[in-house]
Structure formats: C-alpha cells, structure tokens
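The values are calculated or read from the model by the stated rules, or taken from the named source; none is laboratory data. None of these values were measured; they are calculated from a predicted model. Reconstructed Cβ throughout: ideal geometry from the backbone, glycine too, with neighbour counts over all protein chains shown.
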Amino acid sequence: MPSPWSDSEIRAEYDADFRAIVDFARGSRVDTGFGYMGPDGRVDASRPVELWITCRMTHVFCLAALQGIEGAAELADHGLAALRGPLHDPVHGGWYSQIGHAADGTGAGVPVPGSRKEAYAHAFVVLAATSAVAAGRAGAGDLLSEALEAEERWWWEPEYGRVRESWDLAFTQSEDYRGVNANMHTTECFLSAFDVTGDRTWLDRACGILRFVHDQAGRHDWRIPEHFSATWEALPDYNRDQPAHPFRPFGVTPGHGLEWSRLMLQARAALVARGETPGEWMLEGARHLFRRAVEDGWAVDGAPGFVYTTDFEGRPVVRERMHWVLCEAIGAAVVQGKVLAAEDEARGTSAYREDIEGLGRDFTIWDGYARQYLREAPGRWFHELTPRNTPGTRTWPGKPDAYHVAQMLLLPRLPATPTFATALRDGLLESLGRD
C-alpha cells in the first residue's frame, strides 16, 4: 500500500504551497537582511533584523533557487550580502544576533544594545552557507569557511562534545547556561556541512550530540531535558516563571522530540549510505522520541493539535499550538516511514509494515489538521494557535519566517539523506507522481 506522502495530488499541492510560501517570503526583504513579518506579510519595523531569520530565509531562497524558482537566486544573494556585511562583526568576528533595519554611515550593522552572540543563530549561518554552496552562489564558500571556523573557535566545547550557548559581543564572557535547542540546530547544520564539504568531523560531531540527547531522554522516559548548567547538569526548573518562552520554555517541548527524531534518522541514513552499520540506538531512539512526543503532545486536552510544552510527567503546561511543531511532526513521520521501508526492503521482510501504515495515518490526520487550522491561504500559515485552535499571539505573533513549512513541504519528495540543499543539487527531488 503506497504511503500517503507518495500520492501525486499531495505532492502537487505541497509543491504549489512551497512556491507560494517562497513568494510570500519575498516580502521579508529589508536593507540589512530579512525582517520579521507580521500577520499581513509586511515587515514589523518595530522588531530588529534577526540573524536567525535572515539565515533561515536565505536557506529557503537557496532551496527555491535550486528548483529554478524565478527571483529566488537574487534573494539568496541578498541574504548572503547581509551575512557578509551588516550582520557580520568586523571587529570581533562572528555575527550579531540582532541589528537595526538601517546600516550606519560606513555600511556596518548597528547591533541592538544588550544583545549577545548566540550559538543558535550561528548554527543558521552555517546552514545558510551550506545551502548557498550547494546552490552555487558567489561567495558562499568563503562564508561557510568562516562560519565553520567560528563554530570551532567560539562554540564547540571539545570536553563536552557540544556547543556553548552565548557570548557577549566581544567574545569575552560566556553565558553560564547550556541549551539543547542550540545544539539541535547545530546538529542540523553539521549534517548539512558534512554533505557539502565531505569532512567527516561534522557528521561525527552531529552523531555525538545525538547520542547525548538519546541518553538524556532515555533516563527521562524519552522526554528531553532542555536546560543545563555550564557543566551540563540538568536544570529541570529553568524558566518555570516563563513557561511560554519562544526559545527556552520551561519543561519538555514535544516539538523538539519530533525534530530530534528526524535528525537522528537523517544522521543514521548518512551512515548507512556510506556502508556503515549504525548502532541500534539511532533507530530505536528516534522511534521512542517520536512516540513519546505524540503521546504527550497530540490532542491531549480534548482538541486536535500539539501542545507547546509539558512537564516531566507529560502533563500539558503551555497549550498553545505552534505551527512549527506540526511541521516537524509531519516531517518526522515521513522520514521515519521512508527509513523503515528501506529497512524492510534491505532485509527482505515486512517487519515494519504496521508501523509504516500507522505513520501514514498520522500523516493524513496531521495534514488534515494543517489544512483546517494552520493554512490561512496558499503560502500563508498561522504560526500560533490558541488551545481552541484560533489564531494566537502569546509567543509568536505574525509570520516570522518560512523555514519549518518549506522544509516540511519538501520532505515527502526527498530521501532521508543527504540534507535538503545537497539533495536538490544532486537531482534527488522525486517527481510529483508516485515513484
């Protein structure tokens, strides 16, 4: 029985929505990068230009350029110019996390007072640069080299095998906090860096971070602790008074369990593609993380949708529904289904048939939920819903960026490895029909 993500109508709709969201994202362009878009698609000038948004939009435009979408290459180049120009710190190195919408008289960016340099945002510099290299954009190689050098110099802590969280602007004082979220996106960018450069260092480091998260989750019934001290001691009460924080919410984030599950399978697929035999922990851990996130997060309060956070007993804390969580659920289901199908094919068995069928049912339910509640119009997704599934603004007002939706829309037609831009460069995007 074909999986629903192989259906030609689904693929055609996802392709059309990808093109529509790229078109919608064009409105985010500002002089110093890409801005935070409000609910109507206009840039919210009251908010700074964020490094992570500029990088994620640049990544999306590179993915669009690799598919020949008109105007995407020029927008990707605009993002690269912002990363080489106003968002780059010419004095201390690295990249500003937040700058103003206008450069100063010399063309340099003006960092927001009190802002810091962040591992989370720097990971997206690597991701944008790898996608730009794959897309053949001018200057992308030099940007990637500098971004990877910054990872090595400022962020990677070899004694722990993970990245620190943040520095002051001059790289003199590091924050006394370590977070799993920054390490998750570092894992993502390392997998992409490996695909583009062929340097095994980045795959090995990604797998090391994944093993740490696997082991932590395994000790907590597959719920991932998010917050740690500088020496990686868990801080279970961190931000208890800020439960809906956009980047460091209290408790457990089911959406991250789904995202880690996908990344674990993509890293595993990279090893398999090279003729290696991954440890069983990668497949089983990914499946445990997925199941726990779904059990804790999906429709647990009498209404459809994934809650944002739970406590360590799985009880909902923040019940708002975030669009990115639904996107990661769909993406994780698709990747897991493809990996399990490949396992059955390689072994000549049907051991995972029921699991694959279950993932197909999940996909259909979640796709239907997105159509009913999250897709306002082609290319326009609500980023947050209330517990009653009406548009909300508690954590994510407006429509900040296109990254989660764009990647989710591509995954049904991409293999589990290599990562997005490399797969598109190598012509691995499947046709709109059943393959």
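Observations
- Test: residue in the range 190-213 that is assigned to a helix (DSSP H, G or I), farther than 20 Å from CYS327 by Cα, in contact (Cβ under 8 Å) with a residue 40 or more places away in the chain and of a type in the set (S, T, N, Q): yes
- Of the residues in the range 218-238, at least one is of a type in the set (Ser, Thr, Tyr), within 27 Å of THR395 (Cα to Cα) and outside any helix (DSSP H, G or I).
- Top-ranked residue in the range 22-47 [being touching a strand residue (DSSP E or B) at 6+ places or on another chain (Cβ under 7 Å) and of a type in the set (A, V, I, L, M, F, W, C); ranked as surrounded by the most Cβ atoms within 10 Å (Cβ to Cβ)]: MET37
- ALA303 vs. criteria under 27 Å from ASP40 (Cβ atoms), touching a strand residue (DSSP E or B) at 6+ places or on another chain (Cβ under 9 Å) and among the small types (Gly, Ala, Ser): yes
Yes/no matrix, rows are residues, columns are (1) farther than 20 Å from ARG211 by Cα; (2) among the hydroxyl-bearing types (Ser, Thr, Tyr); (3) buried (at least 20 other Cβ atoms within 10 Å of the Cβ):
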{"position": "ALA273", "(1), (2), (3)": "no, no, no"}
{"position": "GLY279", "(1), (2), (3)": "no, no, no"}
{"position": "GLU284", "(1), (2), (3)": "no, no, no"}
{"position": "VAL294", "(1), (2), (3)": "yes, no, yes"}
{"position": "GLY305", "(1), (2), (3)": "yes, no, yes"}
{"position": "ARG315", "(1), (2), (3)": "yes, no, no"}
{"position": "TRP324", "(1), (2), (3)": "yes, no, yes"}
{"position": "CYS327", "(1), (2), (3)": "yes, no, yes"}
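- The residues in the range 177-232 that are among the basic types (Lys, Arg) and more than 19 Å from ARG268 (Cβ to Cβ) can be counted, and the count is 3.
- Flag if GLN336 is in a helix (DSSP H, G or I), modelled with pLDDT of 95 or more and surrounded by fewer than 16 Cβ atoms within 10 Å (Cβ to Cβ): no
- Filtered residue count, the range 5-58, keeping only those that are in contact with a Leu (Cβ under 8 Å, 6 or more places away or on another chain) and assigned to a loop (DSSP other than H, G, I, E, B): 1
- GLU50 without any contact (Cβ under 8 Å) to a residue 24 or more places away in the chain and either buried (at least 19 other Cβ atoms within 10 Å of the Cβ) or among the acidic types (Asp, Glu) (or both): no
Conditions (1) under 18 Å from the mean Cα position of the chain (by Cα); (2) within 16 Å of SER174 (Cβ to Cβ); (3) surrounded by 14 or more Cβ atoms within 10 Å (Cβ to Cβ), marked per residue:
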{"residue": "GLY100", "(1), (2), (3)": "no, no, yes"}
{"residue": "LEU127", "(1), (2), (3)": "yes, no, yes"}
{"residue": "GLU146", "(1), (2), (3)": "no, no, yes"}
{"residue": "GLU152", "(1), (2), (3)": "no, yes, no"}
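- Cβ pairs under 9 Å, 6+ apart, first in the range 105-129 and in contact (Cβ under 8 Å) with a residue 60 or more places away in the chain and assigned to a helix (DSSP H, G or I), second among the basic types (Lys, Arg) and surrounded by 17 or more Cβ atoms within 10 Å (Cβ to Cβ): ALA119/ARG164; PHE124/ARG56; LEU127/ARG56; ALA128/ARG56
- Test: residue in the range 389-409 that is modelled with pLDDT of 95 or more, within 20 Å of SER8 (Cβ to Cβ) and part of a helix (DSSP H, G or I): yes
- Among the candidates TYR352, TYR369, the residue that is aromatic (Phe, Trp, Tyr) and either surrounded by fewer than 16 Cβ atoms within 10 Å (Cβ to Cβ) or touching a residue at least 24 places away in the same chain (Cβ under 8 Å) (or both) is uniquely TYR369.
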